[in-house]
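A short worksheet on the structure shown next.
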Amino acid sequence: MITPHPETDLNQNTMVLGAEVLEILKKAKGELLVDELLVRFMKKNSKFTPDQFMETLIFLYSLGAIEKNQFKVKVVKRVNA
């Protein structure tokens, strides 16, 4: 189980930022260019950084929550079995 450090600002935690990115992608209803996703991510909170964005994308990709197609990213559709 992934647990954040107790003294960490949860608003800056990669898991929470992942939820922000997924929310942006779901509102886009399809694929977004990585650059456009970065711009929208940075607009959500002035404390967000490009490094956090990249770490969050890597986190989401490693979980299988997002997939890439060249320079575009989209949410993976899950099928309940």
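A short reminder: the numbers here are calculations on the coordinates, not readings from a lab. Treat the numbers as computed from the prediction; the structure is a model and nothing was measured. FYI the Cβ positions are ideal-geometry reconstructions off the backbone, even for glycines, and counts take in every protein chain you see.
Loop-located GluC sites (Glu not before Pro) in the stretch 1-36 (DSSP state other than H, G, I, E, B) with a sparse environment of at most 14 neighbouring Cβ atoms within 10 Å: E7.
Extension gain, N13-V34: 0.36 nm per intervening residue step, less the Cα-Cα distance, totals 5.5 nm. For E31, no residue 5 or more places off, or on another chain, has a built amide H under 5 Å of its own. In the chain, with Lys and Arg counted as +1 and Asp and Glu as -1 at Cβ, which of these residues, V75, M54, N11, has the Cα nearest the positive end of the dipole, that is, farthest along it? Farthest towards the positive pole: V75. When you filter the chymotrypsin sites (Phe, Trp or Tyr not before Pro) in the chain for DSSP loop state and at most 12 other Cβ atoms inside 10 Å of their Cβ, you are left with F71.
Distance between Cα centroids, the stretch 10-34 to the stretch 41-81: provide it in whole Å. Between the Cα centre of the stretch 10-34 and that of the stretch 41-81, the gap is 6 Å.
When the trypsin sites (Lys or Arg not before Pro) in the chain are filtered for DSSP coil states and for at most 12 other beta-carbon atoms within 10 Å of their beta-carbon, the remaining sites are K29, K47, K77, R78. K43 label point, 7 Å along Cα→Cβ, cut-off 13 Å on backbone N: hits in the stretch 53-69? Hits in the stretch 53-69 for K43 at 13 Å: none.
In the list (i) 21, 17, 10; (ii) 27, 13, 7; (iii) 28, 15, 12, the label attached to semi-axes √(5λ) of the Cα gyration tensor in Å as derived from the coordinates here is (i). Computed over the chain with a Gaussian network model linking Cα atoms closer than 10 Å, the most mobile of L63, L22, L37 is L63.
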